[in-house]
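Student: One structure coming up, written as structure tokens, with questions to follow.
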Amino acid sequence: MRAVFLPHAAPSAMRAIWARLALAMGAILFVALITYLDRDGFVDNQGQEIGLLEAVYYSTVSVTTTGYGDIVPATDRARLLTTLLVTPARVLFLIVLVGTTVELLISRQREELRVSAWRRKVKDHTIICGFGVKGHAALEALVGQGVDRGAVVAIDNSMEMIESAGGAGIAAVHGDASRTDTLQRARVERAHTIVVCPHRDDAAVLITLTARQLNPDATIVASVREEENVALVKQSGADSVIISSGAAGRLLGLAARQPGTVSVLEDLLIVGTGIDLAERVIGPGEAGPRSAVTDHRPMLGVLRGERLISFDDPEAEVLQVGDRLVVAESKPQQG
């Protein structure tokens, strides 16, 4: 059974089969029409002229090369039509029949070659474990930040979600993301970032633990529903953990009293338009007073190691090499 599914715009195998079936039926109907129009030149095994049903029957057995011989052309014109029109239709039918079988074999082999080539080349990609609502949203956020869809792989144990990933233009692996073999199919050992967003917190713990064991250097971000599971997921190897239910609850609380604030937060969540957050690293030539850093974007905070320093904290006035500045920036609204 296939485990890796790559996005492509080529028609499906079933669509190709239906197209060939329509072509074959067209050949049969064409011969039936020619035979019926020249029905005076055909006789059955009793020497009688044929009708519409007999013309269709003759067309079927002739085009499919069955040829029982109970209906035959009796005049020179009928034999000429058989030679010039029926025989080419018979050859076309054989080409369609053989071509369909060959196409199925070739398409399967071609897909296997595509998967093998993808597995050899994929590197520094992002893996999304769980392609539900949160997985879709994570993909759109990544794309909004300039990540190429070709550098994203989804893992899900639902074929419906696998098809959804293909529709979104990304590769997908069918299977349980907490299993080593499934993650290895997604080339987790070469991944740059792993996004863990399954439906259950216990699955998030297992996926994070397995992914960290297979790739000690990747950035792992995870989502959990309950705050009590944050520490457990971090101990499993996650660099950052988002509490989905807690975040939704806080937004609801803010919306009840400060709807304007929620509008700004919603705009921040739509990456690539309106107000966005950006992160930049302080290089060796920029260390020193914050006022000396020529950045006109408002600074919201400084990440110094694992510690977040607020923009109004005195420590944020002097920047150090390696500090990460979180700034707000404005992007054009999408039409």
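Student: Please state which of the following conditions residue 169 fails to meet, knowing it meets all the rest: (1) touching a helix residue (DSSP H, G or I) at 6+ places or on another chain (Cβ under 6 Å); (2) buried (at least 18 other Cβ atoms within 10 Å of the Cβ); (3) touching a residue at least 60 places away in the same chain (Cβ under 8 Å).
Tutor: (2)
Student: Can you name every residue in the stretch 201-249 that is among the aliphatic types (A, V, I, L, M) and part of a strand (DSSP E or B)?
Tutor: Of the residues in the stretch 201-249, the ones among the aliphatic types (A, V, I, L, M) are 203-207, 209, 211, 214, 218, 220-222, 224, 230-233, 238, 241-243, 247-248.
Those that are among the aliphatic types (A, V, I, L, M) and part of a strand (DSSP E or B): 220, 221, 222, 224, 241, 242, 243.
Student: Sticking with this structure for a sec: Could you check the stretch 12-54 and list, in sequence order, the residues that are of a type in the set (D, E, K, R), touching a Ser or Thr at 6+ places or on another chain (Cβ under 9 Å) and surrounded by 14 or more Cβ atoms within 10 Å (Cβ to Cβ)?
Tutor: Within the stretch 12-54, the first condition is being of a type in the set (D, E, K, R), and the residues that meet it are 15, 20, 38-40, 44, 49, 54.
Now drop any that are not touching a Ser or Thr at 6+ places or on another chain (Cβ under 9 Å), which leaves 20, 38, 40, 54.
Across the stretch 12-54, the qualifying residues are 20, 38, 54.
Student: Can you work out which of the residues in the stretch 211-228 that are crowded, with 18+ Cβ neighbours inside 10 Å and in contact with an Asp or Glu (Cβ under 6 Å, 6 or more places away or on another chain) is nearest to residue 183 (Cα to Cα)?
Tutor: So the residue we want is 215.
Student: Under the condition of being part of a helix (DSSP H, G or I), of a type in the set (Gly, Ala, Ser) and under 12 Å from the mean Cα position of the chain (by Cα), which residue from the stretch 139-163 is surrounded by the most Cβ atoms within 10 Å (Cβ to Cβ)? Full working, then the answer.
Tutor: Taking the stretch 139-163 and keeping what is part of a helix (DSSP H, G or I), we get 139-144, 149-151, 159-163.
Remaining after also requiring of a type in the set (Gly, Ala, Ser): 141, 144, 150-151.
Retained after the next criterion (residues that are under 12 Å from the mean Cα position of the chain (by Cα)): 150-151.
Values: 150: 14, 151: 17.
Among those residues, the one meeting the criterion is 151.
Student: Can I ask one more? Collect the residues in the stretch 243-259 that are surrounded by 14 or more Cβ atoms within 10 Å (Cβ to Cβ) and touching a Lys or Arg at 6+ places or on another chain (Cβ under 9 Å), keeping them in residue-number order. Walk me through how you get there before you give the answer.
Tutor: Residues of the stretch 243-259 that are surrounded by 14 or more Cβ atoms within 10 Å (Cβ to Cβ), as a first pass: 243-244, 246, 251, 254-255.
Residues satisfying the conditions are 243, 244, 246.
Student: Got a number for residues in the stretch 284-297 being surrounded by 10 or more Cβ atoms within 10 Å (Cβ to Cβ) and closer than 26 Å to residue 146 by Cβ?
Tutor: 4
Student: Can I ask one more? Spot the failing condition for residue 57; the list is (1) loosely packed, with under 14 Cβ neighbours inside 10 Å; (2) under 47 Å from the mean Cα position of the chain (by Cα); (3) closer than 17 Å to residue 38 by Cα, and only one is missed.
Tutor: It fails just one condition, (1).
Student: Additional query: Do we find that residue 195 is farther than 30 Å from residue 329 by Cβ, β-branched (Val, Ile, Thr), crowded, with 18+ Cβ neighbours inside 10 Å and more than 15 Å from the chain's Cα centre (by Cα) in this structure?
Tutor: So residue 195 fails the test.
Student: Sticking with this structure for a sec: With respect to residue 122, is the statement that it is more than 26 Å from residue 58 (Cβ to Cβ), at pLDDT 80 or above, aliphatic (A, V, I, L, M) and under 37 Å from the mean Cα position of the chain (by Cα) true? Write out each step before concluding.
Tutor: Working: more than 26 Å from residue 58 (Cβ to Cβ): yes; at pLDDT 80 or above: yes; aliphatic (A, V, I, L, M): yes; under 37 Å from the mean Cα position of the chain (by Cα): yes.
So residue 122 passes the test.
Student: Does residue 288 qualify as being over 28 Å from residue 139 (Cα atoms) and at pLDDT 85 or above?
Tutor: Values: over 28 Å from residue 139 (Cα atoms): yes; at pLDDT 85 or above: yes.
Yes; evaluated as a whole, the condition is true for this residue.
The values are calculated or read from the model by the stated rules, or taken from the named source; none is laboratory data. Quantities reported herein were computed from a predicted structural model and do not represent experimental measurements. Here the Cβ is made from the backbone with ideal geometry for all residues, glycine too, and neighbour counts use every protein chain on show.
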